[in-house]
Amino acid sequence: MVDLDLVRSKPCMVCGVPPPSEAHHLPGPGGRRRRAQDIVIPLCPMHHRWVHSSQKGQEWERENLENLWGWALGYTKQDWVELWGLKGAPW
């Protein structure tokens, strides 16, 4: 299980504003709309609302999903392919 306090102690992934941040859950594998419980990134309150409530924020999340997943999970794309294959990869 992810340590939400640790995530909240990191700067915002959009603008780099210092903590405290809010924990934002990313979409699950395969583009599922349901959010994954353990795939979380830090966002400042403004950017957390932005991602949830605006088209541009949702586009930013989709365009950066590969890098965001890697940060959240500590894996690179190559790590993911070697461990689980391409079928479950989020990119």
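Computed from the coordinates by the stated procedures, all read-outs in this text should not be read as laboratory data. Computed from a prediction, not measured in an experiment: that's the story for all the values here. Ideal geometry is used to build each Cβ from the backbone, glycine not excepted, and the neighbour counts take in all protein chains shown.
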* **Simple spin-label estimate for S9 and E63 in nanometres, 7 Å along Cα-Cβ** => 3.3
* What full-extension length gain, to one decimal in nm, is calculated for V2 and R49 as 0.36 nm per residue of separation minus the Cα-Cα distance? -> 14.8 nm
